[in-house]
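Engineer: The structure's right below; bear with me while I get my questions together.
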Amino acid sequence: MKHLLDLFATVVARVRPPVCIALGSPWPVGNLVAALGGQETVCFQMDLHQASRVRDCLSEVGAKAEVVTGPDLWDLEPRFQTVIFPAASHTDRELKLDVIEQAYHVLRPGGVLLSLSEYEKDNRFAKWQKKVFGKCGETPSSENGMAFWSTRPDEDGKRRRHEVRFHAKLADGPSMEFVSRPGTFSYGRFDNGSRAMIEVADIRAGDSVLDLGCGNGAVGCLMGGKIGPKGRVTFIDSNLRAIALTEINARANATPHPRFLTETRLEGLGRREFDLILANPPYYAKSDITRLFIEGARDLLRPGGRYSIVTKMPTAVVPLIFETFGDCSVIENRGYSVIMAEV
Ligand SMILES: C[S@@+](CC[C@H](N)C(=O)[O-])C[C@H]1O[C@@H](n2cnc3c(N)ncnc32)[C@H](O)[C@@H]1O
């Protein structure tokens, strides 16, 4: 954190309000807002859970900013004089490109994109920002990372989407096409863990199914191909971009009776509503999300309802399933454990 704030101090004179902080982890964002010393600031996030953590961090550091959420940064009004992009080293290359591209469209002409890279020597940002903005200045390489700045020219500029389409099918089902965008799980491909889970799931015609933590919705769409027109598929995710993609994918693949929810605590789902729930929780999330995906799901199932969760950490997940469902079976598939239970 000290590194980021020391780096920011070297470029803070370039900042003019109103400021938008594009993505970034909650603590860095909270501290950047505090370092801005009361300049009008909007923090943009795509995930509702992250957004609420940003709000918590802001109140802990005693800083004020509006926190807004959406599937795309460029949906914000183009009124900002500065966009700050605190890019963690683990941020995917495609998401960095996407933020640079979208930042252009929320800046006023003459506004500045300021990217903060954690890398001591980062030779990529300048290249990417030049491509979109025409020019890019940079700080010397340092142990605090590097900062890059570009000024938005007068031209409106074309909106370029970073997205990848891919196909997936189950052995006995039709091939489906999916669109994926950076910042959501499994960009450009169908996840192997999800494939392992859906291959062994007991999916029946007419089922009401829940794709829990749906990402781009591929699991629910593929289930939709098996349950037939009388079935229904509900998709839920905390990430607004994931749900926007899911809506596109479900419509393109004629998913039966689709419903889309963007929530963090399974709000909006009815008790005993589902015959089948499939869950692929975030791999690196603390067990509270896995716990939510298990304990929160149980009461959503009808008597006789089926539950599947896929994991690479069965020793952590199986005890939670036993506590919640009383019993389970485990199938090993494609290097993953698929844990299945019934109510
Ligand atoms: C491992 S990904 C699986 C995505 C998708 N099922 C697939 O196979 O591509 C886990 C998903 O859970 C979502 N997620 C994380 N926390 C959540 C929460 N509290 N409520 C709903 N979804 C959540 C993430 O945004 C992510 O899309």
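The values are calculated or read from the model by the stated rules, or taken from the named source; none is laboratory data. The structure displayed is predicted, hence computed values, not measured ones. No Cβ is skipped: glycine too gets one built from the backbone with ideal geometry, and neighbour counts run over all protein chains shown.
Engineer: Give me a count of the residues in segment 221-244 that are touching a strand residue (DSSP E or B) at 6+ places or on another chain (Cβ under 9 Å) and without any contact (Cβ under 8 Å) to a residue 40 or more places away in the chain.
Structural biologist: 8
Engineer: Another question, if that's okay. Got a number for residues in segment 143-172 being away from the ligand (no atom under 16 Å from the Cβ), at negative phi and outside any strand (DSSP E or B)?
Structural biologist: Keep residues of segment 143-172 that are away from the ligand (no atom under 16 Å from the Cβ), which gives 143-162, 171-172.
Narrowing the set further to residues that are at negative phi leaves 143-144, 146-156, 158-162, 171-172.
Filter once more, keeping what is outside any strand (DSSP E or B): 143-144, 152-156, 158-162, 171-172.
Adding up the residues that qualify gives 14.
Engineer: A further question on this structure: Taking the conditions exactly as written (touching a helix residue (DSSP H, G or I) at 6+ places or on another chain (Cβ under 8 Å) and of a type outside the set (Asp, Glu)), does residue 265 satisfy them or not?
Structural biologist: Details: touching a helix residue (DSSP H, G or I) at 6+ places or on another chain (Cβ under 8 Å): yes; of a type outside the set (Asp, Glu): yes.
So residue 265 passes the test.
Engineer: Let me ask you something else. Give me a count of the residues in segment 304-318 that are farther than 17 Å from residue 282 by Cβ and either of a type in the set (Asp, Glu) or surrounded by 11 or more Cβ atoms within 10 Å (Cβ to Cβ) (or both).
Structural biologist: Quick first cut of segment 304-318, residues farther than 17 Å from residue 282 by Cβ only: 304-307, 315, 318.
The next check asks that each one be either of a type in the set (Asp, Glu) or surrounded by 11 or more Cβ atoms within 10 Å (Cβ to Cβ) (or both); those that pass are 305-307, 318.
Qualifying residue count, segment 304-318: 4.
Engineer: Listed residues 64, 2; which is over 18 Å from residue 181 (Cα atoms), surrounded by fewer than 23 Cβ atoms within 10 Å (Cβ to Cβ) and modelled with pLDDT under 95?
Structural biologist: Of the residues listed, the single one that is over 18 Å from residue 181 (Cα atoms), surrounded by fewer than 23 Cβ atoms within 10 Å (Cβ to Cβ) and modelled with pLDDT under 95 is 2.
Engineer: I've got another one for you. For segment 251-260, indicate whether the set of residues that are within 18 Å of residue 300 (Cβ to Cβ) and either touching a residue at least 60 places away in the same chain (Cβ under 8 Å) or in the same structural domain as residue 71 (by TED's automatic domain parsing) (or both) is non-empty.
Structural biologist: Within segment 251-260, not a single residue is within 18 Å of residue 300 (Cβ to Cβ) and either touching a residue at least 60 places away in the same chain (Cβ under 8 Å) or in the same structural domain as residue 71 (by TED's automatic domain parsing) (or both).
Engineer: If we scan segment 255-263, do we find a residue that is more than 29 Å from residue 73 (Cβ to Cβ), within 14 Å of the ligand (Cβ to nearest atom) and touching a strand residue (DSSP E or B) at 6+ places or on another chain (Cβ under 7 Å)? Write out each step before concluding.
Structural biologist: Filtering segment 255-263 for residues more than 29 Å from residue 73 (Cβ to Cβ) gives 256-257.
After this cut, where a residue has to be within 14 Å of the ligand (Cβ to nearest atom) as well, the list is none.
No, that holds for no residue.
Engineer: Given the criteria in contact with a strand residue (DSSP E or B) (Cβ under 8 Å, 6 or more places away or on another chain) and within 29 Å of residue 102 (Cα to Cα), does residue 199 qualify? Working first, answer last.
Structural biologist: Numbers: in contact with a strand residue (DSSP E or B) (Cβ under 8 Å, 6 or more places away or on another chain): yes; within 29 Å of residue 102 (Cα to Cα): no.
It is false that residue 199 is in contact with a strand residue (DSSP E or B) (Cβ under 8 Å, 6 or more places away or on another chain) and within 29 Å of residue 102 (Cα to Cα).
Engineer: Scan (1) out of contact with any Leu (no Cβ under 6 Å at 6 or more places or on another chain); (2) more than 16 Å from the ligand (Cβ to nearest atom) for the single condition residue 207 breaks and write down its number.
Structural biologist: Status for residue 207: all satisfied but (1).
Engineer: Can you pull out the residues in segment 174-198 that are of a type in the set (S, T, N, Q) and either near the ligand (Cβ under 7 Å from one of its atoms) or not in a strand (DSSP E or B) (or both)?
Structural biologist: Step one: filter segment 174-198 for residues of a type in the set (S, T, N, Q), giving 175, 180, 184, 186, 192, 194.
Scanning segment 174-198 gives 175, 184, 186, 192, 194.
Engineer: Out of everything in segment 264-296 that is touching a Ser or Thr at 6+ places or on another chain (Cβ under 6 Å) and within 19 Å of residue 169 (Cα to Cα), what residue ends up being nearest to the ligand (Cβ to nearest atom)?
Structural biologist: Within segment 264-296, the first condition is being touching a Ser or Thr at 6+ places or on another chain (Cβ under 6 Å), and the residues that meet it are 264, 274-275, 278, 280-281, 294-295.
Those left that are additionally within 19 Å of residue 169 (Cα to Cα): 278, 280.
Working: 278: 8, 280: 4 Å.
Checking each candidate, the answer is 280.
Engineer: Hey, which of the helices (runs of 4 or more DSSP H) in segment 25-109, taking only ones fully inside, have at least 3 residues that are in contact (Cβ under 8 Å) with a residue 24 or more places away in the chain and touching a Gly at 6+ places or on another chain (Cβ under 8 Å)? Don't jump to the end; show me each part of the working.
Structural biologist: Working: elements: 26-35, 48-61, 93-104.
Because the criterion is at least 3 residues that are in contact (Cβ under 8 Å) with a residue 24 or more places away in the chain and touching a Gly at 6+ places or on another chain (Cβ under 8 Å), the helices (runs of 4 or more DSSP H) in segment 25-109 that meet it are 48-61, 93-104.
Engineer: Could you grab me the full set of residues in segment 213-247 that are part of a helix (DSSP H, G or I), surrounded by fewer than 24 Cβ atoms within 10 Å (Cβ to Cβ) and more than 11 Å from the ligand (Cβ to nearest atom)?
Structural biologist: The answer is 225, 226, 227, 244, 247.
Engineer: Now a separate question. Which one is nearest to residue 83 (Cα to Cα), of the residues in segment 110-120 that are surrounded by fewer than 19 Cβ atoms within 10 Å (Cβ to Cβ) and without any contact (Cβ under 8 Å) to a residue 60 or more places away in the chain?
Structural biologist: Of the residues in segment 110-120, the ones surrounded by fewer than 19 Cβ atoms within 10 Å (Cβ to Cβ) are 110, 118-120.
Filter once more, keeping what is without any contact (Cβ under 8 Å) to a residue 60 or more places away in the chain: 110, 119-120.
Numbers: 110: 12, 119: 19, 120: 22 Å.
Selected residue: 110.
For (1) surrounded by fewer than 18 Cβ atoms within 10 Å (Cβ to Cβ); (2) closer than 18 Å to residue 160 by Cα; (3) touching a strand residue (DSSP E or B) at 6+ places or on another chain (Cβ under 6 Å), each residue gets a yes or a no:
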position	(1), (2), (3)
29	no, no, yes
40	yes, no, no
60	yes, no, no
72	no, yes, no
89	yes, no, no
